[in-house]
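The block underneath contains the structure these notes are about, expressed in structure tokens.
The values are calculated or read from the model by the stated rules, or taken from the named source; none is laboratory data. None of these values were measured; they are calculated from a predicted model. Neighbour counts run over all protein chains shown; Cβ positions are idealised from the backbone, glycine included. Remember, those area values only see protein heavy atoms, side chains included, never the ligands or the DNA or RNA. Shrake-Rupley method; radii C 1.70, N 1.55, O 1.52, S 1.80 Å.
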Amino acid sequence: MTNKINYNRRQFLQHSAFGAAALTAFPKMLFAKAGQLQNKATPGFKADVEIQFVSRDAYIPILKNGGKTKVQKYYAELLKGPKNTLVELKNNYLGPILNFVKGQKVRIYYKNMLSEPSIIHWHGLHVPQHSDGHPMYSLDPGQSYVYEFEVMNNAGTSFYHSHSHNLTAEQVYKGLAGLITVTDSEEQKLDLPRDEYDLPFVIQDRTFNTQNQLQYLHGMHGRMTGFLGKDILVNGTPNAEFSVKTRAYRLRAVNGSNSRIYKLGWDDGTPLTAIGTDAHLLEKPETRPYLMFAPGERIDLWLDFSGRSVGSKLVIYSLPYEGAMPPKMEEQRLGKKSSGGMGGGMMGGGMMSSGLGQGDKFPIATFKITEKVSDSPKLPKTLGPFERLTEASVDNPNKPIPIGIEMKPMRPMLNGKSFSMNRVLDFERVELGSIKKIKIFHDHGSMKMEEGEKMDKDMDMSGGKMKMEGGGGMGMMGGGMGGGMMMSMAHPIHLHGQQFQVLSREIEGMRQEEYKTVKEGFIDTGWKDTVLVMPGEEIVIAKPFQDYKGLFLYHCHNLEHEDLGMMRQFYIG
Ligand code: C2O
Ligand code: CU
Ligand code: CU
């Protein structure tokens, strides 16, 4: 496979071909320097932790019956640092769990031994651009990279995954992901469940063929809505079961799925209590009847089995909800009137056969109570120091930076643009040290393809056929609905670098009935790095851009959307 990314990198190193209009006076040298692979350790960086990482093909027994499954997997070896820094999940396609401590200096040697390009991103960690796994650093087979960063994050849950543009979705799907925990002295003061009571809970969906091999999407249909698998896996295992004692547990839930959004809830209606969102503990625990959980998000849950009887079990479900998919598809999924129009046929085709639609009900994992114990930590009332951002924290209260979500036919975009490795728009340049107000919204601008606009080559390479079935333009799909709303769907928007806080979440006008099935499931009181934007929603966030200069991505964490170009970047300088 040719490394288009590396080619692009080299090309922009040579030509620095930035859009002149949008980028007057851009520091070209900085860009050029940024593109260089870091393949040597910096002598001045005294690492507390050193890890050797490798990505390669592997065969793993995932399903009980039949043969092993070919996957792509991260293998790691601890060269220096506390023993518990690396914890292997046995017989698993997931990479080892990385346990970091705030303040540690970490050096990671990464060698890509796949037969295709790849690079690792540490999702949730606040690290310098050089260590953030920007796709411009995508490694050819056999190439190596050296990451060096100090763990700046407070205690929380993060995860790492591949981030090679156009390959991210498929590589994560094939296994290139793993969980990260960070602890700090504030968290240590709390009496939270630890060790065997602190459980990883990585949720993913996969589809296997009759030979136990992973099936991924082919063609454009599924890519537009995102991959939805038939089987639900937790920590790399289908039909996951946990044996638990009658006490409190911490569950580090990571949604490592490509595009599936879960509505987490217990079968018996017990509410869920969260103590953390994304990479940070909350100010205080939050309890909800259910929790919406989108790709890229993490939720640290407090599960208390105290008082339950030995022998009983509790099942965590994804409960039914509506509104995440474009209206025609949603109608089809719910078996409402058949649309008849081409919209449903085109969009629904591939998806209907997948079995588990976006918003369907299904079990995720079973907790069996197997042992009675008398001691259990109590849920803390508060979870440590928390710095609250408000309107007053931002330096652009009246001029928020836009993140406009747009679904062009076969081409989801942000701010009217697809990803470009070497472009930054004027408003994507932010000053180091600033805290910005950012408004994320659905931009239902023009629905038809702009005059003369062609699908770009990237699409050809990645998507197979792009011809639309039925031969009609998207205009036809609109039916009674106005333009782009026809394509409106849920998007989990992720910003690299530091976490942000949600200042407001509003829904206007459309799809209110469907919205009722999800609206109690959002926790917006903590630090976030990924936020689910439902159709009709407008979300305002406050985002600090501190400590590190450089290029930091923002994108849809529906990984198919990301690979289709629904990604941009900020330049912090
Ligand atoms: Cu988890 Cu840029 O992604
Ligand atoms: Cu990230
Ligand atoms: Cu999206």
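Note on region 128-154: among residues that are of a type in the set (A, V, I, L, M, F, W, C) and open to solvent by less than 20 Å² (accessible area, probe 1.4 Å), the one that is nearest to Leu551 (Cα to Cα) is Met136.
Per-residue answers, yes or no, for (1) among the basic types (Lys, Arg); (2) within 19 Å of His134 (Cβ to Cβ):
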site	(1), (2)
Met421	no, yes
Phe427	no, no
Val430	no, yes
Gly433	no, no
Lys439	yes, no
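Annotation: of all residues in region 109-127 being more than 17 Å from Glu50 (Cα to Cα) and open to solvent by 10 Å² or more (accessible area, probe 1.4 Å), the one that is farthest from ligand 2 (Cβ to nearest atom) is Ser115.
This table checks each residue for (1) basic (Lys, Arg); (2) within 16 Å of ligand 3 (Cβ to nearest atom).
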residue: Leu495; (1), (2): no, yes
residue: Gly526; (1), (2): no, no
residue: Gly536; (1), (2): no, yes
residue: Lys543; (1), (2): yes, no
residue: Glu560; (1), (2): no, yes
residue: Gly573; (1), (2): no, no
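Of a type outside the set (A, V, I, L, M, F, W, C) and either more than 23 Å from Val172 (Cα to Cα) or modelled with pLDDT under 95 (or both): is that true of Pro27 in this structure? Yes; evaluated as a whole, the condition is true for this residue.
A single member of His555, His561 is in a strand (DSSP E or B) and within 16 Å of ligand 2 (Cβ to nearest atom), and it is His555.
Residues checked against (1) open to solvent by 40 Å² or more (accessible area, probe 1.4 Å); (2) at pLDDT 95 or above; (3) under 23 Å from the mean Cα position of the chain (by Cα); (4) over 26 Å from Pro327 (Cα atoms):
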position: Leu383; (1), (2), (3), (4): no, yes, no, yes
position: Asn396; (1), (2), (3), (4): no, yes, no, yes
position: Pro400; (1), (2), (3), (4): yes, yes, no, yes
position: Met407; (1), (2), (3), (4): no, no, yes, no
position: Pro412; (1), (2), (3), (4): no, no, yes, no
position: Leu425; (1), (2), (3), (4): no, no, no, yes
position: Gly433; (1), (2), (3), (4): yes, yes, no, yes
position: Glu450; (1), (2), (3), (4): yes, no, no, no
position: Gly463; (1), (2), (3), (4): no, no, yes, no
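Of the residues screened, Tyr93 is one that is open to solvent by less than 30 Å² (accessible area, probe 1.4 Å) and either more than 15 Å from ligand 2 (Cβ to nearest atom) or within 14 Å of Ile180 (Cβ to Cβ) (or both).
Condition test on Ser306, is it at pLDDT 95 or above, away from ligand 2 (no atom under 16 Å from the Cβ) and not in a strand (DSSP E or B)? It is true that Ser306 is at pLDDT 95 or above, away from ligand 2 (no atom under 16 Å from the Cβ) and not in a strand (DSSP E or B). Out of Leu564, Leu559, Leu551, one residue alone is under 16 Å from the mean Cα position of the chain (by Cα) and within 13 Å of ligand 1 (Cβ to nearest atom). It is Leu559. Restricting attention to region 253-272 and to residues that are within 26 Å of Ala155 (Cα to Cα) and part of a strand (DSSP E or B), the residue that is nearest to the chain's Cα centre (by Cα) turns out to be Asn255.
Would a scan of region 152-162 turn up a residue that is small (Gly, Ala, Ser), touching a Leu at 6+ places or on another chain (Cβ under 6 Å), within 16 Å of ligand 3 (Cβ to nearest atom) and within 30 Å of Asp231 (Cα to Cα)? Within region 152-162, none of the residues are small (Gly, Ala, Ser), touching a Leu at 6+ places or on another chain (Cβ under 6 Å), within 16 Å of ligand 3 (Cβ to nearest atom) and within 30 Å of Asp231 (Cα to Cα).
Can you find even one residue in region 232-252 that is within 18 Å of the chain's Cα centre (by Cα) and of a type in the set (Ser, Thr, Tyr)? So far as region 232-252 goes, no, none of its residues is within 18 Å of the chain's Cα centre (by Cα) and of a type in the set (Ser, Thr, Tyr).
Regarding region 72-83, can at least one residue be identified that is under 22 Å from the mean Cα position of the chain (by Cα), at pLDDT 95 or above, away from ligand 3 (no atom under 16 Å from the Cβ) and open to solvent by 40 Å² or more (accessible area, probe 1.4 Å)? Scanning region 72-83, I find at least one residue that is under 22 Å from the mean Cα position of the chain (by Cα), at pLDDT 95 or above, away from ligand 3 (no atom under 16 Å from the Cβ) and open to solvent by 40 Å² or more (accessible area, probe 1.4 Å), so the answer is yes.
Take the conditions (1) within 27 Å of Leu383 (Cα to Cα); (2) touching a helix residue (DSSP H, G or I) at 6+ places or on another chain (Cβ under 8 Å); (3) surrounded by fewer than 22 Cβ atoms within 10 Å (Cβ to Cβ); Arg333 misses just one of them, which is (1).
Listed conditions (1) modelled with pLDDT under 95; (2) aliphatic (A, V, I, L, M); (3) open to solvent by 10 Å² or more (accessible area, probe 1.4 Å) are all met by Val373, apart from (1).
When Gly296, Gly276 are screened for being within 28 Å of His442 (Cα to Cα), crowded, with 18+ Cβ neighbours inside 10 Å, more than 16 Å from ligand 1 (Cβ to nearest atom) and of a type in the set (Gly, Ala, Ser), only Gly276 passes. Among the residues making up region 129-182, those that are assigned to a loop (DSSP other than H, G, I, E, B), of a type outside the set (Gly, Ala, Ser) and away from ligand 2 (no atom under 12 Å from the Cβ) are Asp140, Pro141, Gln143, Val151, Met152, Asn153, Asn154, His165, Asn166, Leu167, Leu176.
Taking Gly550 as the residue in question, decide whether it is of a type in the set (Gly, Ala, Ser), on the phi > 0 side of the Ramachandran plot, touching a helix residue (DSSP H, G or I) at 6+ places or on another chain (Cβ under 9 Å) and within 15 Å of ligand 3 (Cβ to nearest atom). Judged against the criteria, Gly550 is not a match. Across region 356-369, not a single residue is classified as more than 30 Å from Gly536 (Cα to Cα), at pLDDT 95 or above and exposed (fewer than 13 other Cβ atoms within 10 Å of the Cβ).
For region 233-253, the criterion of being within 16 Å of ligand 3 (Cβ to nearest atom), over 14 Å from Tyr317 (Cβ atoms) and crowded, with 23+ Cβ neighbours inside 10 Å is met by none of the residues. Looking across Val106, Val101, one residue alone is over 21 Å from Gly256 (Cβ atoms) and surrounded by 23 or more Cβ atoms within 10 Å (Cβ to Cβ). It is Val106.
Selection of strands (runs of 3 or more DSSP E) fully inside region 480-552 by the criterion of at least 2 residues being surrounded by fewer than 20 Cβ atoms within 10 Å (Cβ to Cβ) and in contact with a strand residue (DSSP E or B) (Cβ under 9 Å, 6 or more places away or on another chain) returns 500-507, 537-545.
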